[in-house]
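Here is the structure we will look at.
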Amino acid sequence: MSKENKLELYRMMLLIRLFEEALEEMFSRGLLHGTMHLSIGQEATATGACLALEKKDLITSTHRGHGHCLAKGADPYKMFAELLGREDGYCRGRGGSMHIADLSNGNLGANGIVAGSLTISVGAALSLKMQKIENIVLCFFGDGAVNEGSFHEALNLASLWDLPVLFVCENNQYGMSMASENAVAGGSITQRAESYGIKSVSIDGNDVEEVYETVSKCKEKIKSSGKPMFIESVTYRYRGHSKSDRNLYRTSDEINFWKEEKDPLKRFIGKLTEEKVEIDELKKVEVEVKNLIRESVKKALESPESPKTNLEEDSYA
Amino acid sequence: MPEMTTGQAIKEALSLCLDSNDTTFIAGEDIGVYGGAFGVTDGLLEKYGHERIKDTPISEDVIAGLAVGAAITGSKPIVEMQFSDFIVNAMDPIVNQAAKLHFMYGGAVNVPMIVRGASGAGTGAAAQHSQSLESWFCHVPGLKVVTPSNPQNAFDLLLASFVDPNPVIFMEHKLIYKLKSEVNLGPMPSDSSELGKSKVIQEGNDITVVSYSNMVNSVISAAKEDSLTDYSIEIIDLLTLAPMDSESVINSVEKTKRLLVCQEAPASSSVGSTLISEVVTSRAFKALNQSPELLAGLHSPMPSAKHLETTVIPQEEDIVQKIKEMIENEQ
Ligand SMILES: Cc1ncc(C[n+]2csc(CCOP(=O)(O)OP(=O)(O)O)c2C)c(N)n1
Ligand SMILES: [Mg+2]
């Protein structure tokens with residue numbers, strides 16, 4: 001991987017981290033209505049996966065989707081505007097944090113329903129296949145989603161019909177308060193995929209290069225074989241499930257271990273410096289990302305509210 | 001009488017259910033150590049243990065199916081849909097199974113179960129976490145549908161639902177959880193006769209305003225507005241939507257001659273539209289001095305932005321305005 005490529009991975013992880021930290025700050029200032037699900041700690045999976053895709057490859061996302069959205073090319077200004085209920089937001093203030101969609105960059109949307117996007121990704125893949133479009137659909141979902149019936153229906157059909165879907169399970173080890181190990185009978189998520197005849201692999205989801213390389217390989221393989229594939233990307237969320245989580249189901253030692261030892265940004269910075277990337281180059285990226293966030297927030301706060309008219313008409317095309 | 005929130009009152013009722021019947025368990029997502037997404041079951045795990053407070057994987061279909069299977073084999077389960085929107089994933093066990101088994105089997109089984117869930121908007125949770133889907137269930141023969149509006153009636157109605165031998169859909173509006181009042185923590189009732197009874201919250205002669213769930217609270221505050229002090233407003237809380245107590249509304253309308261129904265859900269095929277059709281096809285029709293009105297949520301999914309959300313849901317000012325319009329119209 002070229003140095004430019006690596007710096008791009010770094011830039012994107014940092015953008016996601018700082019974007020969500022900015023949201024936290026806005027939330028604490030009472031600027032945001034509703035709740036949100038932060039992916040702080042999980043940036044490597046969204047970044048590695050989306051940067052390995054082409055613009056015309058599609059993704060489906062989850063309630064914890066800010067990272068996916070940014071990494072697929074979204075404009076942070078339009079995302080902030082969406083969270084603030086502004087007209088310039090991706091969904092004109094109608095969707096909010098949990099429903100941002102950015103069709104122009106191939107993001108078919110975040111989804112508030114656990115496993116809600118799995119069956120949709122299968123339909124999107126069928127549509128690509130029938131239209132002879134040589135792109136793939138990357139379907140993100142959490143470890144919690146694998147216990148919904150729609151997970152099983154989606155995998156089964158994608159496999160039966162040879163559809164170009166890359167299923168990416170972000171296993172952050174909890175579905176809200178439920179530890180994945182207490183929720184997944186048989187213990188293995190990849191085995192479930194294998195049982196549907198889908199080749200699968202489990203990777204370190206906090207190693208951005210490993211994610212990038214695995215997704216790149218899977219993408220090529222899906223294109224050549226026409227068959228779906230499955231990645232379990234093991235990661236960890238630092239923040240509560242949403243804004244109202246007291247974190248009673250896990251220890252602060254566990255959280256600190258992941259923050260200290262496994263943080264995707266820290267690890268990647270360490271690696272880049274080992275590879276003799278100049279600190280100045282990293283600093284330059286950091287300054288650029290910080291400016292982008294600052295300016296995007298400012299512009300979003302100054303942008304006009306979404307008008308109250310036409311809500312009923314807006315329900316139909 | 002102790003003062004408590006609706007959330008706490010529901011928890012008290014759940015405790016009483018668990019105490020009164022050894023076969024009763026509660027199952028749902030994050031109801032154990034997390035205490036429920038809205039804190040309703042907080043502390044029950046410590047008190048009753050994992051055998052009876054069952055955290056499930058994210059699997060609504062089996063959560064509801066579990067209740068059906070347990071209910072037809074001698075248990076009295078209570079299950080939770082974390083947000084009532086997710087009941088969509090559990091429609092088969094509820095609609096095709098729970099609602100129909102008693103009838104289809106010629107009365108050979110009962111299906112005594114409760115599906116509780118947090119409904120409604122106002123928290124910025126957007127389109128997939130804010131719906132008021134209660135009328136869907138009113139449409140299905142075999143189900144009872146209950147929508148409390150405050151701590152006391154939540155407590156009483158949950159107990160009545162528990163002793164009822166039928167499947168009950170119990171929709172708890174998110175905004176009622178934190179409402180606080182004194183609650184009379186009475187004993188387990190001997191029958192479910194409280195279900196199907198509406199309640200007159202305030203008597204009046206100029207107009208009957210009917211509502212249910214959290215919208216009742218908006219109606220009560222609206223009626224206190226200065227601009228309405230000259231009017232005598234009768235307020236009815238439906239409480240149970242199926243079976244619906246239209247008879248009490250008909251009686252009230254015969255007296256007041258005006259009917260306004262207020263609800264958060266959209267109007268089409270809704271509780272309000274059904275109630276109005278029952279009133280206008282009843283003996284109260286002749287008493288009406290103008291057509292009844294339905295003040296409902298817009299026919300739109302719930303937007304996330306606060307200013308748009310309040311546009312979709314009828315607000316107190318809208319209710320005040322509508323009541324004035326209807327009364328002044330005729331004077
Ligand atoms: C069908 C459905 N059930 C329950 C929920 C409530 N809920 C939202 S996210 C979540 C946990 C999801 O866990 P996971 O899939 O592992 O994703 P994570 O939050 O860990 O990113 C739950 C229970 C929901 N949104 N949709
Ligand atoms: Mg998870």
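The values are calculated or read from the model by the stated rules, or taken from the named source; none is laboratory data. These numbers come from a predicted model, not from an experiment. No Cβ is skipped: glycine too gets one built from the backbone with ideal geometry, and neighbour counts run over all protein chains shown. Remember, those area values only see protein heavy atoms, side chains included, never the ligands or the DNA or RNA. Shrake-Rupley method; radii C 1.70, N 1.55, O 1.52, S 1.80 Å.
Miscellaneous remarks
- With respect to the stated conditions, B:I63 fails to be in the same structural domain as B:F162 (by TED's automatic domain parsing), closer than 26 Å to A:V146 by Cβ, assigned to a loop (DSSP other than H, G, I, E, B) and among the hydrophobic types (A, V, I, L, M, F, W, C).
- The residue that is nearest to ligand 2 (Cβ to nearest atom), counting only those in segment B:66-91 that are assigned to a loop (DSSP other than H, G, I, E, B) and open to solvent by 30 Å² or more (accessible area, probe 1.4 Å), is B:F83.
- Residue check for A:N156: away from ligand 1 (no atom under 12 Å from the Cβ), more than 14 Å from chain B (Cβ to nearest Cβ), over 30 Å from A:H241 (Cα atoms) and in contact (Cβ under 8 Å) with a residue 40 or more places away in the chain: no
- Every pair of residues 6+ apart whose Cβ atoms lie under 7 Å, when the first sits in segment A:294-312 and is under 9 Å from A:R86 (Cβ atoms) while the second is open to solvent by 60 Å² or more (accessible area, probe 1.4 Å): A:S303/A:D88; A:S306/A:R92
- Close pairs from segment A:165-179: first without any contact (Cβ under 8 Å) to a residue 24 or more places away in the chain, partner surrounded by 24 or more Cβ atoms within 10 Å (Cβ to Cβ), Cβ under 8 Å, at least 6 apart: none
- Only one of the numbered conditions (1) more than 14 Å from ligand 2 (Cβ to nearest atom); (2) under 30 Å from B:D42 (Cβ atoms); (3) away from every other protein chain (no Cβ under 14 Å) is violated by A:Y236, and that is (1).
- Of all the residues in segment A:146-196, those that are away from ligand 2 (no atom under 16 Å from the Cβ) and crowded, with 24+ Cβ neighbours inside 10 Å number 8.
- Counted residues, segment A:87-112 - those being open to solvent by 40 Å² or more (accessible area, probe 1.4 Å) and at the interface with another protein chain (Cβ under 8 Å from one of its Cβ atoms): 1
- Within segment A:183-204, residues that are over 16 Å from A:I222 (Cβ atoms) and within 14 Å of another protein chain (Cβ to nearest Cβ) sit with their Cβ atoms under 7 Å from residues that are open to solvent by 30 Å² or more (accessible area, probe 1.4 Å) and not in a helix (DSSP H, G or I), at 6+ positions apart or across chains, in these pairs: A:A183/B:P57.
- Residue among B:G32, B:G7, B:G28 that alone is away from ligand 2 (no atom under 16 Å from the Cβ), within 14 Å of chain A (Cβ to nearest Cβ) and touching a Leu at 6+ places or on another chain (Cβ under 8 Å): B:G32
- Counting the residues of segment B:92-125 that are farther than 30 Å from A:H33 by Cα, surrounded by fewer than 22 Cβ atoms within 10 Å (Cβ to Cβ) and either of a type in the set (D, E) or under 18 Å from the mean Cα position of the chain (by Cα) (or both) gives 2.
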